[in-house]
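**Student:** One structure is given below, represented as structure tokens, and several questions about it will come after.
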Amino acid sequence: MASSSKRPRSGASAATDTGAATDTGAAADTGAVTEVVPHVRVAVIGSGFGGLGAAVRLRRAGITDFVVLERADSVGGTWRDNSYPGCACDVPSHLYSFSFAPNPDWPRSFSGQPDIRAYLEKVATVFGLRPHLHFNTEVLEARWDNERAHWRITTSAGRWTADALVSAAGPLADPQIPDLPGLSTFPGKVFHSSRWDHDYDLTGKRVAMVGTGASAAQIIPSIQPKAGKLTVFQRTPAWVLPRRDREITQLEKWLHGRLPVTAKIRRGTLFALRELQVDAFVRRPGLLRLVQQLAERHIAQGVPDPELRARLTPDYRIGCKRILLSNTYYPALAAANTEVVSAGLRELRGSTLVAADGSEHEVDAIVFGTGFHVTDMPIGARVFGANGTSLAEEWKDGMEALRGSTVHGFPNLFFVIGPNTGLGNSSMILMIESQLNYMVDALTTLHSIGAAAMQPTVRAQRQWNLELQHRMDRTVWTTGGCRSWYLDPSGKNTVLWPGSTTSFRRATRKVDLGEYELIMRAAPTTARTVQEATA
């Protein structure tokens, strides 16, 4: 059978107690007992914004036999993992939330990590998602079974099979720490910004901050007052703009709660303002000149020392790398106990850190703000497609997908925040909801036509990505004169979307079957592939 029509009981929580269909095709180790593997229609990897959003949309579409597999012990994704001092969002609160789950009680215009994580916990409860959640369940392998036309999933807590697999693991999930000579023998404390050690007191310590990206811009002002000395290793300076943050008044909260239309107007205004910025990023980077002048004024106001100001001023166009928002970053860098090293970290000799410029610095603790595995998502090494090839191998020359959502050779695999769906100026929740629309339309279409699975044609996927990269040539991320984490080792931008969120919503509104090959159900245990005609 390609799939089963059996469904779990509502409210079931454990995989073996859901009433889901089972796969008995695998024998236990002894060979005497047949292993019972629970089967669901959809398995979702991850319980951040993408995974929880997928769960809500599945339930709303009437698909209730699904599981959400989460390797940690709670929901939240990157907003669970990143709990460093000062952690907050750089997108306004009322835009950084699901359209179907407005929150009238945001405390600030830019919310902090605890408030965003609490919001996601509330979403999981209010929308009845907890029976579907499986914590401490890390996906070790997902392999497409051609004969049965479903996914075989091995986790740290057992096995499942599923008609469809949704990867919502996210690009900001697995920290990246450089492999530096001497790091393993450093006698002090070492941790990544996304794995903050709250038991380690930085008071009076000599602390090294490696990196000057978005996390560092929030961490540095938070730890500088307590550190004995703070040494910041800066390979490339970032453009920083003022952060227009303030407390949301009780009147505003009351209005948004009693008159939801006011919250919709607020969200719509924030959305429109960011859509108006898109053209400058993707088609006319020269329009960013005025914004760059504002950033230069911000540096002048925050850094009195002209020599330090020069070292903190980027030599590339604003927007090429991620623009940071902070009112406290520059004063912290200009503080008496802070030293900015205009070079990356080269090696460690005991407790001595040696920079690329040869300077040496004694420290007690190192905080790495060195980003994540974005263009080489680790989940890729664990997912194997129809021909037995891993997604990582398929993407060895760069990530690509059809409409950021599906990949040829990997039937019924749907991405949330897939290749080229990131944003440089707006809320990722807008992109997530667009991909959820696409996923649900694909699943309901498969059901309505009686097909078992779908995968994009080679032609459709290639055409989509050729056009996308052609559009990328005009963007500030390509022409701005910088090297950012948006680019893979070959220099191709496989992360960002070169357009507006509105255009992406249009592109993912409905599945075009002309772009797909369908795998039809076939009795008794095989499936056949039908090539759909393409223009």
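The values are calculated or read from the model by the stated rules, or taken from the named source; none is laboratory data. Being a predicted model, the structure only gives us computed values, none of them experimental. Positions of Cβ are generated from backbone atoms using ideal geometry, with glycine treated the same way; all protein chains shown enter the neighbour counts. For accessibility, only protein heavy atoms count, side chains too; no ligands or nucleic acids. Shrake-Rupley method; radii C 1.70, N 1.55, O 1.52, S 1.80 Å.
**Student:** Conditions first: (1) open to solvent by 30 Å² or more (accessible area, probe 1.4 Å); (2) within 25 Å of the chain's Cα centre (by Cα). L251 passes all but one, so which condition is the exception?
**Tutor:** Only one criterion is unmet by L251, namely (2).
**Student:** When you scan the stretch 314-338, how many residues do you find that are of a type outside the set (A, V, I, L, M, F, W, C), over 21 Å from N425 (Cα atoms) and surrounded by fewer than 16 Cβ atoms within 10 Å (Cβ to Cβ)?
**Tutor:** 1
**Student:** Provide a single number: the residues in the stretch 225-248 that are closer than 21 Å to R322 by Cβ, in a loop (DSSP other than H, G, I, E, B) and open to solvent by less than 40 Å² (accessible area, probe 1.4 Å). Spell out the reasoning first.
**Tutor:** Taking the stretch 225-248 as the starting set, the residues that turn out to be closer than 21 Å to R322 by Cβ are 232-245.
Subset that is in a loop (DSSP other than H, G, I, E, B): 234-239, 242-245.
Still in the running and open to solvent by less than 40 Å² (accessible area, probe 1.4 Å): 234, 237-239, 242-243.
Number of matching residues: 6.
**Student:** Determine which member of the set F110, F127, F98 is modelled with pLDDT of 95 or more and out of contact with any helix residue (DSSP H, G or I) (no Cβ under 7 Å at 6 or more places or on another chain).
**Tutor:** Details: F127 fails: out of contact with any helix residue (DSSP H, G or I) (no Cβ under 7 Å at 6 or more places or on another chain); F98 fails: out of contact with any helix residue (DSSP H, G or I) (no Cβ under 7 Å at 6 or more places or on another chain).
When all the criteria are applied, what remains is F110.
**Student:** Related question: Just to be sure before I move on: is A522 modelled with pLDDT under 95 and within 21 Å of W151 (Cβ to Cβ) in the structure I sent? Even if it seems obvious, please write down each step before you answer.
**Tutor:** Numbers: modelled with pLDDT under 95: yes; within 21 Å of W151 (Cβ to Cβ): yes.
When the stated conditions are applied, A522 passes them.
**Student:** Between S342, S351, which is under 20 Å from F186 (Cβ atoms) and polar (S, T, N, Q)?
**Tutor:** Values: S342 fails: under 20 Å from F186 (Cβ atoms).
On inspection, the qualifying residue turns out to be S351.
**Student:** State whether the residues of the stretch 329-337 include one that is of a type in the set (F, W, Y), over 14 Å from V232 (Cβ atoms) and modelled with pLDDT of 95 or more. So that I can check it myself, show each step before the final result.
**Tutor:** Applying the first criterion (of a type in the set (F, W, Y)) to the stretch 329-337 yields 329-330.
Still in the list and also over 14 Å from V232 (Cβ atoms): none.
No, because not a single residue in the stretch 329-337 is of a type in the set (F, W, Y), over 14 Å from V232 (Cβ atoms) and modelled with pLDDT of 95 or more.
Listed here are the residues, each with its yes/no results for (1) surrounded by fewer than 23 Cβ atoms within 10 Å (Cβ to Cβ); (2) outside any helix (DSSP H, G or I); (3) at pLDDT 95 or above; (4) more than 15 Å from the chain's Cα centre (by Cα).
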| residue | (1), (2), (3), (4) |
| --- | --- |
| T375 | yes, yes, no, no |
| M399 | no, yes, yes, no |
| F414 | no, yes, yes, no |
| V440 | yes, no, yes, yes |
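**Student:** All but one of (1) modelled with pLDDT under 95; (2) touching a strand residue (DSSP E or B) at 6+ places or on another chain (Cβ under 9 Å) hold for G369, so report the exception by its number.
**Tutor:** Looking at each condition in turn, G369 falls short on (1).
**Student:** Can you find a residue that is at pLDDT 95 or above, within 16 Å of L129 (Cα to Cα) and of a type outside the set (D, E, K, R) anywhere in the stretch 7-22?
**Tutor:** If we filter the stretch 7-22 for residues that are at pLDDT 95 or above, which is where we start, we get none.
Checked against the condition, which is being at pLDDT 95 or above, within 16 Å of L129 (Cα to Cα) and of a type outside the set (D, E, K, R), the stretch 7-22 yields no hits at all.
**Student:** Mind telling me which of the residues A208, A214, A272, A227 ends up being at pLDDT 95 or above and closer than 23 Å to P107 by Cβ?
**Tutor:** Working: A208 fails: closer than 23 Å to P107 by Cβ; A272 fails: closer than 23 Å to P107 by Cβ; A227 fails: closer than 23 Å to P107 by Cβ.
Going through A208, A214, A272, A227 in turn, just one is at pLDDT 95 or above and closer than 23 Å to P107 by Cβ: A214.
This table checks each residue for (1) open to solvent by 70 Å² or more (accessible area, probe 1.4 Å); (2) under 29 Å from the mean Cα position of the chain (by Cα); (3) under 14 Å from I323 (Cα atoms).
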site: K264; (1), (2), (3): yes, yes, no
site: L270; (1), (2), (3): no, yes, no
site: D279; (1), (2), (3): no, yes, no
site: L287; (1), (2), (3): yes, yes, no
site: V291; (1), (2), (3): no, yes, yes
site: A295; (1), (2), (3): no, yes, yes
site: V303; (1), (2), (3): no, no, no
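**Student:** Among the residues of the stretch 46-97, what is the count of those that are open to solvent by less than 30 Å² (accessible area, probe 1.4 Å) and polar (S, T, N, Q)?
**Tutor:** Selection size over the stretch 46-97: 5.
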